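Asker: Pasting a structure below so you can have a look.
The values are calculated or read from the model by the stated rules, or taken from the named source; none is laboratory data. Keep in mind that what you see is a predicted model, and the values were worked out from it rather than measured. Cβ placement follows ideal geometry from the backbone for every residue including glycine, while neighbour counts extend to all protein chains displayed. Heads up: the accessible areas ignore ligands, DNA and RNA and are worked out on the full protein's heavy atoms, side chains in. Shrake-Rupley method; radii C 1.70, N 1.55, O 1.52, S 1.80 Å.
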Amino acid sequence: MQRIDQHYINGAFVASHGQQLADLHNPATEAVIGQVRLGDTVDAERAIAAAHAALPAQAARSVEERLALLGRFRDAMAARRDDLHAAVLAEYGAPSARSRWMVEHPVQVIDDAMKVLADFPFQRSVGQAQVHYLPVGVAGIITPWNSNAAFICAKLATALAAGCTAVVKPSELSALQTHVVMQALHAAQLPPGVANIVNGAGHDVGAALSASPQVAKISFTGSTGTGRAILRAAADSFKRVTLELGGKSPTIILDNADADSAAALAVQAGFINSGQACVAGTRILVPEARRAEFEDALARAMQAVRSGDPQDPATQVGPMVSQRQWERVQGYIRTGLGEGARLLAGGEGRPEGMQRGWFVRPTLFTDVRNDMTVAREEIFGPVLCIIGYRDEADAVAIANDSAYGLSALVIGADAQRATAVGRQIQSGRVLVNTLQHESLAPFGGMKQSGIGRESGQWGLEAFLEQQTVMAAP
Ligand code: NAD
């Protein structure tokens, strides 16, 4: 049993003022594996004060000095790959391919931030004026549980690259991973107060960050509902916000696609991160003229998906993160059945032979209409819907008939035609015949999938303000 009692504030591990303890579970066994002490608003205020005091010096650091401190953070994370892997497996249960990625990605995103920083023009001439890019101030960083360490590293590295200081409120379900990041920050000997982490509940520590007048910006990844609450709380002090929120992403299979390879890619897109991915392609749009053929191919592709022990290399879908999440997914499967959707694979309950663990049967519905709850709401589990379309214009209309606009995938034999279809989708990211991700391109959502963009120069600019200086000649 691991007990995490301390926060990381002003360059030191400190005792918590908040005294409440929350259990940490292994989602594959349901066993309690540890406890985390939840901070409160006093802890949040201490961290904000430390970040505020450290801001002038961080803002004044040169690009070389910022690169040096980010390099130390990167190396400290790289040195803790084994610790992070153990934490990811224990408290999240990601299957092996995913858990390996969850260990490499935090290092990669710090590298990316350094690459962008090294080339970023912080001063530009426009006509007779000089434009300076200045750090926005103290950043509040709030992360979800589905890739906690990487989200902390990406947001924090970008904030520090911009010359900001930060207070991180990580997911309370990911305290083991967060602890590894805290240890890395400490080993990296960053200047005190530059990077602070406070464990705690969203309504408490998260809300304190969103409301504090000393916090200039919130960078949040999480659900659309929480994003809305943060936006409201941030309004009073006119905080800058970057909100990376939910999705209900469409996968459009065009009428010229090869059925088997399209089905394999569509299922893979739906089950990224065991279905607990904001970008998961959960609405699979197929042409009515070839519907039966695509349904068969998708049902066959589902048979190859193994849900179970995350340590087994054959497993693609691991457990849901918590009992609450498991019950939520079960509820949506019941709702789908109640609304008249037809099961092609999966259904309620655990996979056959499993009595314990928050495992879900990978589920595929067909006969889904785009106005059904299972097609409109983010389920955040391995539950996919097949929706038929008449022609390309109908496919685009269905894809766009959503509150969300985070990611879209188009699959077809003619890449040019597929790209042309993809360009019509109101989505921050469009993939064509691939699930590859470009980590230096802007990432973020349209509509209720978010505000602003992360990654690359766009991500850095989101932590900067422009100042135009015009002097008499
Ligand atoms: P969540 O919104 O419940 O929680 C996210 C974080 O916000 C947690 O740290 C939580 O403690 C905190 N929080 C909760 N209430 C708060 C409040 N009132 N004020 C401030 N902070 C508060 O989300 P989750 O369940 O942890 O994560 C799943 C969600 O995240 C899904 O909706 C998913 O789509 C989204 N997500 C989006 C992206 C993206 O890049 N767009 C990536 C991953 C996950």
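Asker: Which loop-located GluC sites (Glu not before Pro) does segment 338-407 contain, where loop means any DSSP state but H, G, I, E or B and the Cβ has at most 11 other Cβ atoms within 10 Å?
Answerer: Glu352
Asker: Mean separation of Cα pairs under 8 Å and 6+ residues apart, divided by the residue count of the chain: what relative contact order is that in percent?
Answerer: 18 percent
Asker: Then there's this: Once you have the Cα-Cα distance between Ala289 and Glu64, take 0.36 nm times their residue separation minus that, and quote the gain in nm to one decimal.
Answerer: Numbers: separation 225, 0.36 × 225 = 81.00 nm, distance 5.94 nm.
That pair, Ala289 and Glu64, stretches by 75.1 nm at full extension.
Asker: Here's another thing I want to ask about it. Indicate, rounded to the nearest 5 percent, the antiparallel portion of the DSSP beta bridges found entirely in the chain.
Answerer: 40 percent
Asker: Follow-up. Could you calculate the contour length gain from Gln214 to Ala53, that is, 0.36 nm times the residue separation minus the distance between their Cα atoms, to one decimal place in nm?
Answerer: Values: separation 161, 0.36 × 161 = 57.96 nm, distance 1.05 nm.
Computed gain between Gln214 and Ala53 is 56.9 nm.
Asker: At 0.36 nm per residue, and after removing the present C-alpha to C-alpha distance, how many nm does the segment from Ala129 to Leu337 gain when stretched out fully? The partial results should precede the final answer.
Answerer: Details: separation 208, 0.36 × 208 = 74.88 nm, distance 6.25 nm.
The span from Ala129 to Leu337 would gain 68.6 nm if fully extended.
Asker: Let me understand segment 216-316 better: what is its radius of gyration from the alpha carbons, and its Dmax, in angstrom?
Answerer: Reported Rg and Dmax, both Å: 18.7, 55.
Asker: What are the GluC sites (Glu not before Pro) within segment 237-320 that DSSP puts in a loop, where the Cβ has at most 16 other Cβ atoms within 10 Å? Write out the running numbers ahead of the final one.
Answerer: Values: sites: Glu244, Glu288, Glu293, Glu295; in loops: none.
Those that pass, being in a loop and sparsely packed, number zero.
Asker: Now for a different question. Can you work out the accessible area per residue across segment 250-438, with the rest of the protein chains kept in place, probe 1.4 Å, in square angstrom?
Answerer: On the way: 7720 Å² over 189 residues.
Roughly 41 Å² per residue, with all protein chains present.
Asker: Between segment 337-403 and segment 1-60, how far is it from one alpha carbon centroid to the other, in angstrom?
Answerer: Measuring centre to centre over Cα atoms gives 38 Å.
Asker: Considering only DSSP states other than H, G, I, E and B, which trypsin sites (Lys or Arg not before Pro) in segment 335-429 qualify as loop sites with at most 16 other Cβ atoms within 10 Å?
Answerer: Filter output for segment 335-429: Arg356, Arg369, Arg390, Arg423.
Asker: Can you work out the accessible area per residue across segment 1-105, with the rest of the protein chains kept in place, probe 1.4 Å, in square angstrom?
Answerer: 44 Å²
Asker: I'd like the antiparallel share, as a percent to the nearest 5, of DSSP beta bridges with both residues in segment 250-438. Could the numbers behind the result be given before it?
Answerer: Working: 4 of 23 bridges.
So the antiparallel bridges amount to about 15 percent of the total.
Asker: Follow-up. Please report the Cα spread of segment 250-438 along all three principal axes, rounded to whole Å, starting with the longest.
Answerer: Between the extreme Cα coordinates on each principal axis of segment 250-438 lie 47, 35, 30 Å.
Asker: Still on this structure, I have one more. I need the shape label for the chain. Rule: rounded when a/c is under 1.5, else prolate if a/b > b/c, else oblate, with a, b, c from the alpha carbon gyration tensor. Could you put the intermediate results ahead of the total?
Answerer: Details: a/c = 2.06, a/b = 1.39, b/c = 1.48.
Because a/c hits 1.5 or more and a/b fails to exceed b/c, the chain counts as oblate.
Asker: What's the FRET efficiency of Ala79 with Arg3 using the Cβ-Cβ distance as r and R₀ = 30 Å, to the nearest 0.05?
Answerer: Taking R0 as 30 Å, the efficiency between Ala79 and Arg3 is 0.80.
Asker: Would you work out what percent of the accessible area of the chain, with all protein chains in place, is carbon or sulfur (probe 1.4 Å)?
Answerer: Ligands and nucleic acids excluded, carbon and sulfur give 50 percent.
Asker: While we're here: Please identify which residues in segment 108-143 have an amide N closer than 18 Å to a label point set 7 Å out from the Cα of Ala472, following the Cα→Cβ vector.
Answerer: From segment 108-143, the list is 128-130.
Asker: Apply the Karplus curve 6.51 cos²θ - 1.76 cosθ + 1.60, θ = phi - 60°, to the phi angles in segment 362-373 and return the couplings in whole Hz, x for Gly and Pro.
Answerer: Computed from phi, the couplings for segment 362-373 are x, 10, 10, 9, 10, 6, 8, 9, 5, 8, 6, 4 Hz.
Asker: Mean Kyte-Doolittle of at least -1.0 plus a Cα span of 27 Å or more along the axis: flag which DSSP H helices in the chain meet both, please.
Answerer: Details: long enough: 41-60 (29 Å, 0.50); 96-119 (35 Å, -0.14).
Helices meeting the criterion: 41-60, 96-119.
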